[in-house]
Amino acid sequence: MSQNRSFQVDFQHRVQFTRDALDPANSALADVLAHSVERRLIVFIDDGVHHAHPDLADRLANYLGARTRCGDELPELRMVEIVSGGEDAKNSIDVYEQVLTASDRHGIDRKSFVLAIGGGAMLDAVGFGATLAHRGVRLIRMPTTTLAMDDAAMGVKNGINQFGKKNFVGTFAVPWAVIADELFLTTLTDQHFLSGFSEAVKIACLRDAQLFDQIERDARCLRARDLAVAMPIIARSAALHLDHITAGGDPFELHEARPLDFGHWAAHKLESMSSYTITHGEAVSIGIALDCEYAVRTAVLEATVAARVRACLQSLALPTWHPLLAQTDQLARGLEEFREHLGGQLNVTLLQSIGASTEVHVMDRAIVAASARALAPR
Ligand SMILES: NC(=O)c1ccc[n+]([C@@H]2O[C@H](COP(=O)([O-])OP(=O)(O)OC[C@H]3O[C@@H](n4cnc5c(N)ncnc54)[C@H](O)[C@@H]3O)[C@@H](O)[C@H]2O)c1
Ligand SMILES: [Zn+2]
């Protein structure tokens with residue numbers, strides 16, 4: 001006798017872009033913590049963010065105090081802890097264990113909050129811990145890098161790297177809220193500020209030709225770190241990622257296709273081949289260039305469009321080649337690892353034109369190798 005059921009669950013994905021979130025006049029954070037006077041809050045700060053903003057914990061305590069005095073019913077701040085930022089956060093189990101230990105020690109229940117302030121890597125690792133404690137406590141992400149704001153923090157995924165593989169261990173979970181404060185971007189290195197735009201180029205290529213034109217046109221201002229130009233591009237990229245997650249019909253990646261992973265099979269492999277010295281954003285840029293070249297060689301994409309995408313990435317000071325691309329046997333193993341991560345048959349997204357893509361299920365190794373060679377600077 002079959003007892004099969006089908007059921008739906010409604011999720012809220014609360015996302016707010018703001019400026020100076022810890023100014024007591026700014027209600028964004030207080031709004032998502034509201035009506036929680038009996039609850040608790042523990043906070044984790046990326047060490048890179050802590051270094052650049054040493055007063056952050058004090059400002060947060062001051063913010064919560066001021067808002068409480070004005071009548072907001074906010075949770076009790078129990079602890080602020082500095083944790084490793086960057087890919088180190090995902091290359092060991094330390095950060096997620098710190099989250100579990102603190103959740104236990106401070107009596108964090110399912111209606112209490114974990115606030116994570118940091119780059120995409122740290123958010124992934126803290127988020128992983130937060131989704132395991134009591135099978136999931138309320139996670140608030142405050143992304144502090146371009147990439148975390150235009151992509152990573154919008155995702156419904158958490159995880160860490162293991163066995164030399166990106167994101168081998170992880171969970172799907174919708175965060176309680178995401179609050180993106182543009183002021184954090186001012187303290188990034190040029191490398192980390194710019195490398196996050198590869199995800200905006202990625203989603204523009206797939207979904208929004210106008211956004212691609214805008215990035216192309218504004219590259220010089222982006223390189224000059226003009227936030228008035230950068231923020232609309234970052235917010236548009238975030239919105240497109242959110243659209244895909246909330247309206248694309250497959251937020252938890254049950255289907256085989258994962259179109260937003262354009263350029264990512266090679267990116268993930270290059271990151272691990274380089275022992276994570278290539279950043280995710282840079283690796284995505286190289287991965288996009290490689291898959292565009294492959295698409296040209298398999299008659300999916302016009303050579304002029306591939307050249308345009310490459311030029312756009314280069315105009316943002318992003319790499320479109322790396323010497324590791326010469327290790328084609330090792331690189332090609334990334335295809336099987338990518339397939340294994342998604343399950344089922346291989347699905348690689350190739351660009352057909354700016355704004356349109358297709359899926360292929362086989363990648364010819366010889367053409368991958370030739371494409372990689374073709375990207376090398378002459
Ligand atoms: N969960 C998802 O859906 C998703 C999506 C895309 C990417 N990611 C992951 O995101 C990670 C990359 O994230 P990233 O590009 O943000 O880099 P990152 O998290 O590695 O941070 C880069 C560096 O910047 C420092 N930093 C962060 N914010 C700072 C600030 N405001 N001022 C000064 N320094 C600061 C960090 O300490 C780190 O050293 C990868 O691990 C990638 O796999 C996850
Ligand atoms: Zn990515």
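The values are calculated or read from the model by the stated rules, or taken from the named source; none is laboratory data. All values reported here derive from a predicted model rather than from experimental measurement. Cβ atoms come from the backbone with ideal geometry, glycine included; neighbour counts cover every protein chain shown. Side chains are part of the model used for accessible areas, which takes the heavy atoms of the whole protein and leaves out ligands, DNA and RNA. Shrake-Rupley method; radii C 1.70, N 1.55, O 1.52, S 1.80 Å.
Segment Ser274..Cys221, full-extension length gain: 16.1 nm, with 0.36 nm per residue of separation and the alpha-carbon distance subtracted. For the stretch 254-292, backbone nitrogen atoms closer than 19 Å to the point 7 Å from Glu336 Cα along Cα-to-C-beta are found at 265-274. Peptides 11-23, 345-357 ranked from most to least packed, by the mean per-residue count of other Cβ atoms within 10 Å: 345-357, 11-23. Expressed as a whole percent, the proportion of Cα-Cα pairs in the chain lying more than 38 Å apart is 18%. Would any residue of the stretch 129-173 have its amide N under 19 Å from a label point 7 Å out along Cα→Cβ of Gln327? List them or say none. Hits in the stretch 129-173 for Gln327 at 19 Å: 161-168.
Computed with every protein chain present, the accessible area of Ser92 is close to 40 Å² [probe 1.4 Å]. Against the chain, whose longest principal axis is taken from its Cα atoms, helix 303-315 shows a tilt of about 40°. For the chain, give the share of DSSP beta bridges that are antiparallel, in percent and rounded to the nearest 5; count only bridges with both residues there. In the chain, DSSP labels about 30 percent of beta bridges as antiparallel. Average accessible surface for the stretch 190-375: 40 Å² per residue, computed with a 1.4 Å probe over protein heavy atoms with every protein chain in place. Taking every alpha-carbon pair under 8 Å whose residues sit at least 6 apart, the stretch 270-360 reaches a relative contact order of 28 percent.
If you roll a 1.4 angstrom probe over the protein chains with everything in place, what fraction of the accessible area of the chain belongs to carbon and sulfur, to the nearest %?
Working: 8060 of 16510 Å².
Exposed carbon and sulfur together represent 49 percent of the surface.
Please state, as a whole number in µm²/s, the translational diffusion coefficient that the Stokes-Einstein equation yields for the stretch 190-375 at 20 °C and 1.002 mPa s, with Rh defined as the Kirkwood radius across alpha carbon pairs. It comes out at roughly 130 µm²/s. Placing R0 at 45 angstrom, the Cβ-Cβ distance between Glu38 and Arg378 gives a FRET efficiency of 0.10 after rounding to 0.05.
Surface calculation, 1.4 Å probe, protein heavy atoms: Leu132 sits at approximately 70 Å² accessible.
Which FRET efficiency value, to the nearest 0.05, do you get for Val362 and Cys70 by plugging their Cβ-Cβ distance into 1/(1 + (r/R0)^6) with R0 = 51 Å? Once the sixth-power term is evaluated, E becomes 0.25.
Of the GluC sites (Glu not before Pro) found in the stretch 28-93, those in coil by DSSP whose Cβ has at most 15 other Cβ atoms within 10 Å are Glu38, Glu73. Sequence-distant contacts, meaning Cα pairs under 8 Å at least 6 residues apart, place the relative contact order of the stretch 22-135 at 37 percent.
Computed from the C-beta positions of Val169 and His51 and an R0 of 25 Å, the FRET efficiency is 0.35 to the nearest 0.05.
Placing pseudo-labels 7 Å out from each Cα toward the beta carbon at Ser315 and Gln191 gives an inter-label distance of 2.5 nm. Lysine pair count for the chain (Cα-Cα distance under 27 Å; residues 8 or more apart in sequence or on different chains): 16. Using 0.36 nm per residue and subtracting the Cα-Cα separation, the extra length available between Thr246 and Arg110 on full extension is 46.6 nm.
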